[in-house]
Amino acid sequence: MSSRIEQLIDEIEEYIDSCKYQPLSSTKIIVNKEEIDELLRDLRMKTPDEIKRYQKIISNKEAILNDARAKAEALINEATVHTNELINEHEIMQQAYAQANEVVTMASQQAQDILDNATIEANNVRAAAIQYMDDMLSHLENIVSSASQSARSGYENLIGSMNHYRDIIQSNRNELHPADDYEDVVLQNVGDADEEL
């Protein structure tokens with residue numbers, strides 16, 4: 001079952017795939033800033049919920065350890081009760097001590113095994129949850145970086161095109177004036193440049 005963060009990342013990827021390519025480009029796309037901002041806002045709002053979910057998984061480590069401790073105590077109590085019963089039987093007191101020690105040793109070993117396994121399992125769950133969140137955030141970082149790069153490239157292309165058209169317009173204007181009016185044209189261009197500043 002996919003998380004809400006994965007669904008949102010899929011939506012961002014689908015949106016980027018649906019964007020139109022820039023003219024004369026097969027790698028650069030045109031992105032609607034409001035739509036991508038809304039998707040990122042939604043993702044930003046859902047991320048804390050996902051983090052809480054994985055923190056809850058991590059907190060289960062304590063529950064697993066507590067359960068292991070309870071089982072260990074139950075085994076030790078059972079061994080102690082059994083030991084007391086054997087001690088009360090005078091005919092087999094020596095055998096009772098030997099059996100009691102064996103039961104206590106086995107119970108302690110089982111309890112230690114349960115604690116060790118529970119600790120390993122809890123650490124594995126925690127490591128998996130942290131790795132998953134890191135993978136999701138890394139994937140999101142790549143998407144945002146790619147969108148930012150595309151937007152920056154589009155802006156630079158727009159400025160380059162505008163400068164090119166400005167040069168063509170100035171050239172055309174210069175052709176409209178005879179050579180003897182050259183000084184008036186220069187003064188006019190200086191005035192236009194001042195207005196642009």
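With respect to the stated conditions, ILE76 fails to be of a type in the set (Val, Ile, Thr) and open to solvent by less than 50 Å² (accessible area, probe 1.4 Å).
Can you say whether GLU38 is under 30 Å from ASN157 (Cα atoms) and outside any loop (DSSP other than H, G, I, E, B), as far as the supplied structure shows? Taking the combined requirement at face value, the residue satisfies it. If you take the residues of the range 168-183 that are charged (D, E, K, R) and exposed (fewer than 10 other Cβ atoms within 10 Å of the Cβ), which of them is modelled with the lowest pLDDT? Only one residue fits best here, namely ASP180. Within the range 77-91, is even one residue hydrophobic (A, V, I, L, M, F, W, C), modelled with pLDDT of 85 or more and assigned to a helix (DSSP H, G or I)? Looking for residues that are hydrophobic (A, V, I, L, M, F, W, C), modelled with pLDDT of 85 or more and assigned to a helix (DSSP H, G or I), one finds at least one in the range 77-91, hence yes. Flag not set for GLU38, criterion: modelled with pLDDT of 85 or more and touching a helix residue (DSSP H, G or I) at 6+ places or on another chain (Cβ under 9 Å). The set of residues in the range 94-116 being at pLDDT below 85 and either open to solvent by 90 Å² or more (accessible area, probe 1.4 Å) or within 30 Å of LEU40 (Cβ to Cβ) (or both) consists of GLN94, GLN95, TYR97.
Residue check: ASP37 meets all listed conditions (1) more than 30 Å from ALA111 (Cβ to Cβ); (2) open to solvent by 60 Å² or more (accessible area, probe 1.4 Å); (3) free of Cβ contacts under 8 Å to residues at least 12 places away in the same chain; (4) charged (D, E, K, R) but one, namely (2).
Taken as a whole, the structure places THR119 among residues that are at pLDDT 90 or above and either out of contact with any Lys or Arg (no Cβ under 8 Å at 6 or more places or on another chain) or not charged (D, E, K, R) (or both). When residues of the range 126-154 are filtered for being closer than 30 Å to ALA72 by Cβ, in contact with a helix residue (DSSP H, G or I) (Cβ under 7 Å, 6 or more places away or on another chain) and open to solvent by 50 Å² or more (accessible area, probe 1.4 Å), how many remain? Selection size over the range 126-154: 1.
The values are calculated or read from the model by the stated rules, or taken from the named source; none is laboratory data. Remember, predicted model here, so these are calculated numbers, not experimental data. Reconstructed Cβ throughout: ideal geometry from the backbone, glycine too, with neighbour counts over all protein chains shown. The area values use the complete protein model at the heavy-atom level, side chains included, leaving out ligands, DNA and RNA. Shrake-Rupley method; radii C 1.70, N 1.55, O 1.52, S 1.80 Å.
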